[in-house]
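Report on the following structure.
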Amino acid sequence: MLTIVDLMDKFQKIADIGKSAREKQRIINVVEVFYIWDVLVTKLDALETIQIFEYMIKDNDLTLIKNRVKEGLLAGIDDMEALMRDYDLPFPMRPPADVSSTVQIEIVSDRDIFQMLYEVIAAFFPILGIGFMQSTTPDVRKGLKNHLLLTIELQEMLVEYGKLKGSLNQPPVYRP
């Protein structure tokens with residue numbers, strides 16, 4: 001089913017055919033540019049953090065969770081970079097492709113890594129939510145919306161894993 005946003009996005013893409021990046025820059029506003037940049041930088045930072053800790057995971061289930069989070073980050077990085085290319089925006093520095101180390105730090109537990117993943121995903125809600133609310137360009141809104149929905153799915157997965165493994169800091173049950 002085609003929504004009004006999808007329809008507007010398609011109209012925008014048709015209108016942009018043959019336009020230079022300079023001409024497209026007249027469509028996008030400075031707030032949108034900031035949020036595209038901020039989302040990309042935050043995703044790159046999160047990816048680097050995950051790369052630092054991913055080899056310390058002992059639990060196979062947590063490895064699966066980490067892989068799903070990493071896939072979501074990589075998809076977001078690709079999407080934000082595509083928007084940046086479309087509007088000829090400057091790119092931030094990327095983290096190293098791999099930051100694996102032969103050093104194993106025993107003090108870092110799977111619970112610590114889970115908490116890091118949980119906080120990494122939680123950090124995206126304000127950025128994506130406010131960016132979406134302040135965006136008016138259809139393809140930018142769509143990109144932010146898609147990653148907000150993906151972030152919700154990842155957070156739901158992390159909550160369920162955290163409850164299952166006892167790693168989630170849950171508030172006490174209310175019993176009147």
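What follows draws every value from the coordinates through simple rules; no lab data is involved. Nothing here was measured: the structure is a model prediction, and the numbers come from that model. Virtual Cβ from ideal backbone geometry, glycine too; neighbours counted across all protein chains shown.
General observations
- Taking 27 Å as the limit for the C-alpha separation, the pairs Lys66/Lys145; Lys70/Lys163; Lys10/Lys66; Lys145/Lys165 exceed it in the case of Lys10/Lys66; Lys145/Lys165.
- Order by protection proxy (mean Cβ within 10 Å, highest first), peptides 132-138, 90-96, 168-174: 132-138, 90-96, 168-174
- Shape call, region 30-176: gyration tensor on alpha carbons, a/c limit 1.5: oblate
- Label positions at Leu7 and Arg175, each projected 7 Å from the Cα along the C-beta direction, are separated by 5.4 nm.
- Net dipole in debye of the chain [+1 Lys, Arg Cβ; -1 Asp, Glu Cβ; about Cα centre; nearest 20]: 420 debye
- Estimated FRET transfer efficiency when R0 is 35 angstrom, pair Asn29-Leu64 (beta carbons, to 0.05): 0.30
- Working ranking of peptides 43-54, 27-38 by packing, defined as the average number of other Cβ atoms within 10 Å per residue, highest first, is 43-54, 27-38.
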